[in-house]
1. Probe 1.4 Å, all protein chains in place: accessible area of Glu85 in Å², nearest 10?
2. On a C-alpha basis, how far is the centre of the stretch 6-25 from the centre of the stretch 55-85 in Å? Whole number, if you could?
3. What ranking of Leu91, Leu76, Leu36 comes out by heavy-atom accessible area, probe 1.4 Å, highest first?
4. Stokes-Einstein at 4 °C, 1.567 mPa s, Kirkwood radius from Cα pairs: D for the chain in µm² s⁻¹?
5. Would you calculate, for the chain, the mean residue ellipticity at 222 nm contributed by helices, counting each DSSP H stretch of 4 or more residues as -39,500 (n - 2.57) and dividing by all residues, to the nearest 500?
6. Using a cut-off of under 13 Å, list every residue of the stretch 55-72 whose amide N is near the label point 7 Å from the Cα of Val40 along the Cα-to-beta-carbon line.
7. Probe of 1.4 angstrom, ligands and nucleic acids ignored: what's the accessible area per residue over the chain, in square angstrom?
8. Is any residue of the stretch 10-38 close enough, with backbone N under 14 Å, to a label point placed 7 angstrom from the Cα of Leu77 along the Cα-Cβ axis, and if so, which?
Amino acid sequence: MAQPPTQPEMKLDTSQLKSSYCNVCSATSTREEVVLTFGVNQNWDLQQQQGGGPMDVQLLHRIIMSPVAAKRFHDLLTRLMSEHESRHGTL
């Protein structure tokens, strides 16, 4: 009887890992790629935003991936948010 294939071991290299805080995200796509752009809304004063002034967003990161990788990311994020909401309540 054949054994099911096992997933290859993954070695993670964190030597160049950087962390950034982002509170703005936009997304676009083409047939070949999905592009996620992350940034920070610089206007912390809510009254300025409500007063009709422009939102000042500093774009920091652009992540480009294949649609297949984007689908895996979607599934991962969906599971993560479901777990978060089961622990902390619905957003």
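The values are calculated or read from the model by the stated rules, or taken from the named source; none is laboratory data. These figures come from a predicted structure and were not determined experimentally. Don't worry about glycine lacking a Cβ; one is built from the backbone with ideal geometry, like all the others, and counts go over all protein chains shown. Side chains included, ligands, DNA and RNA excluded: accessible areas come from the protein's heavy atoms. Shrake-Rupley method; radii C 1.70, N 1.55, O 1.52, S 1.80 Å.
1. 60
2. 13
3. Accessible-area ranking of Leu91, Leu76, Leu36, largest first: Leu91, Leu76, Leu36.
4. 76
5. Computed mean residue ellipticity for the chain: -9500 deg cm²/dmol.
6. Label zone hits: 57-61.
7. Spelled out: the 1.4 Å probe surface of the chain, per residue, equals 93 Å².
8. Answer for this model: 22-29, 34-38.
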